[in-house]
Amino acid sequence: MELTNELVVMAPIQVKGSLSPGNIYDLTLIDFYAKTRQMQGFKVSVPIFWNVNGLPVLNMMQKQGLPLSRETRNEFVNKCIRDGLEILKKHYINFDEQIKDDEISPMISKFIETYSKSIILRGPISIAICEKCGSDFGTDAEIILCKICGGSVSMQVRDVLFQKVSRDDVSNKIGRINIYPTGAKKELITFNESMPEEYNICLTKRREYTISYAGFDLDPRFIVMLTPALVDGMYSRRVYFHGDIIKKFSYYSLCHLPDRFLPTDIVCHGVLLDKYGRKIRWQDIDEDLLNQFNNLPKNDLRAFLLKRNVSKDVLIDFETIHGNLREQDILRNRMDGILGYSDCLESSLPFLVLRKEFFEAVDRYFYGVAYDKMLKIVDLLENKTGESIHNEERKFLDQLRYLYFGEYHGIKN
C-alpha cells in the first residue's frame with residue numbers, strides 16, 4: 001500500500017515574549033498526533049508558522065519602550081522566535097521546518113499568480129476607515145471605533161483588492177471535510193449560514209509591516225490563511241488542528257484557499273482555562289500563572305495534557321494539578337522500571353496499568369489514531385515483566401513512552 005503524504009497544520013503562532021500555555025497545549029496535541037501517525041508508517045510533515053506581521057508585534061514593542069524601526073523590529077522578532085524554539089525543545093515538541101510571514105513575499109506573489117489571480121478582483125468597494133488615523137478594517141460595517149487610535153470609523157469607498165465569497169460555495173467545502181468533533185462542524189455551518197448569500201472580503205489593509213501585491217498592502221489575516229499552502233510537497237491529507245478559532249481560521253481558510261489546498265480534516269480541541277473558568281489568553285495572561293505553568297515538570301505536563309478529552313476545555317488549577325502530575329510521575333517511573341531504565345519497586349506491575357493509561361489518551365484522540373496497533377501490541381505485553389519482554393515488544397513500549405512523555409532513551413525508529 002502506498003504511504004499517505006500528510007501535512008499537519010496549526011494556526012500560525014503570534015510572535016510574543018514567551019509562548020503561552022495555549023501554544024504549548026496546541027503543539028503538544030499536534031506533536032503527539034504527528035508522531036503517532038509516523039509510528040504507523042505514514043509520511044507526515046509538521047511545519048511551524050510564525051505570525052510576525054500586523055499590529056501585535058508593534059504594540060508589544062511600544063509596551064517595552066522599543067523604537068519602532070525596521071532593524072529593532074527584526075531584532076525583537078528574532079529574539080522572540082529563538083526563545084520560543086527553546087521552550088518547544090524543553091516540552092519535547094518537534095517540527096520539520098519554520099515559516100515566518102515576513103519572509104514569504106515572493107512565495108505569496110507566485111501563489112496568487114498561479115492559483116488565486118482569477119478570483120482576486122480590484123475595484124471600488126465600501127470599507128471601514130478611521131477618520132482620524134486612516135487605518136482601515138475591511139468591509140465590517142459594525143466597527144465604529146478605531147482599534148489603533150480610538151477615533152471614529154465610517155464606511156468609505158476605496159479602490160482595493162477584494163474577493164467575492166459565496167455562502168453556498170463555503171457550505172459545499174464544509175461538506176467535503178472531515179471535522180472533529182461534530183459540534184465544531186455544526187458551529188462552522190451555523191456561522192456560515194449567518195453570513196450574506198454573497199459578499200465581498202477586502203484583501204488589503206494599510207499597515208506599515210505587511211506583504212504587498214500589485215501595489216497593495218495585503219491584510220495580514222489573508223496572508224495567514226494562504227501560508228499553509230506554501231509548504232513544499234504534494235499532500236493527499238491536510239489536517240488542521242486548532243482550538244476555539246473556528247471563525248477566524250477554519251472559515252476564512254475555506255474562503256481564501258483554492259480547492260486543492262483545502263484541509264481534508266479539521267480537529268478542533270478545547271482550550272485552557274484558569275481556575276475561574278476563564279480562557280487563558282496570551283494578551284492578558286497573569287504573570288504568576290505563566291511562571292507556575294512554566295515551572296511544571298515538562299514530561300509529566302505533556303502526559304497530563306494528553307490524558308484530557310481533547311474536545312473539551314482543560315482546567316489549569318494549580319491547587320489540584322500537582323496531584324495529577326504526581327500520577328503521571330508514578331506511571332513514568334513504573335515504565336522506566338519495566339524497561340530497565342531505573343530501579344523501581346513496582347517494575348513487575350502488569351501491563352494492564354500501562355494499557356489503561358495509554359488508551360485513555362489514544363481512545364479520546366482524533367478517530368482513535370494508532371488504536372489498532374496499540375491494542376495488538378499491548379495485548380501481547382499485558383502480563384509480562386521486564387525480563388520477559390522480547391526486543392520488538394520492548395522497542396514498541398519504548399515508543400509508547402516516547403509519545404506519552406516526550407523523553408526517549410532508546411531508538412525511536
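Can you tell me how many residues within the stretch 246-264 are part of a helix (DSSP H, G or I) and either loosely packed, with under 14 Cβ neighbours inside 10 Å or not polar (S, T, N, Q) (or both)?
12
Criterion first (surrounded by 17 or more Cβ atoms within 10 Å (Cβ to Cβ), charged (D, E, K, R) and touching a strand residue (DSSP E or B) at 6+ places or on another chain (Cβ under 8 Å)) does Lys164 satisfy it?
Criteria not met by Lys164.
Just to be sure I understand the filter: pairs with C-beta atoms under 9 Å, separated by 6 or more residues or on different chains, first member in the stretch 70-85 and assigned by TED's automatic domain parsing to the domain that holds Asp101, second member in a helix (DSSP H, G or I) and not aliphatic (A, V, I, L, M). Which pairs pass?
Correct list of pairs: Gly84/Asn23.
Per-residue answers, yes or no, for (1) surrounded by fewer than 17 Cβ atoms within 10 Å (Cβ to Cβ); (2) basic (Lys, Arg); (3) under 20 Å from the mean Cα position of the chain (by Cα):
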residue: Asn5; (1), (2), (3): yes, no, yes
residue: Gln40; (1), (2), (3): yes, no, no
residue: Phe49; (1), (2), (3): no, no, yes
residue: Asn74; (1), (2), (3): yes, no, no
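I need the full set of residues from the stretch 302-328 which are outside any loop (DSSP other than H, G, I, E, B), surrounded by 14 or more Cβ atoms within 10 Å (Cβ to Cβ) and small (Gly, Ala, Ser), in order please.
Ala303
Suppose we keep only residues that are of a type in the set (Gly, Ala, Ser) and surrounded by 13 or more Cβ atoms within 10 Å (Cβ to Cβ) within the stretch 123-133. Which one would you say is farthest from the chain's Cα centre (by Cα)?
Per the stated criteria, the residue is Ser126.
Looking only at residues in the stretch 201-245 that are within 16 Å of the chain's Cα centre (by Cα) and of a type in the set (Lys, Arg), which one is surrounded by the most Cβ atoms within 10 Å (Cβ to Cβ)?
Residue satisfying both the conditions and the ranking: Arg238.
Out of the residues in the stretch 265-301 meeting the condition of being assigned to a loop (DSSP other than H, G, I, E, B) and within 16 Å of the chain's Cα centre (by Cα), tell me which one is surrounded by the most Cβ atoms within 10 Å (Cβ to Cβ).
Taking the candidates together, the pick is His269.
The values are calculated or read from the model by the stated rules, or taken from the named source; none is laboratory data. Just so you know, these numbers come straight off a predicted model, no measurement behind them. Positions of Cβ are backbone-derived with ideal geometry, glycine not excepted, and every protein chain shown enters the neighbour counts.
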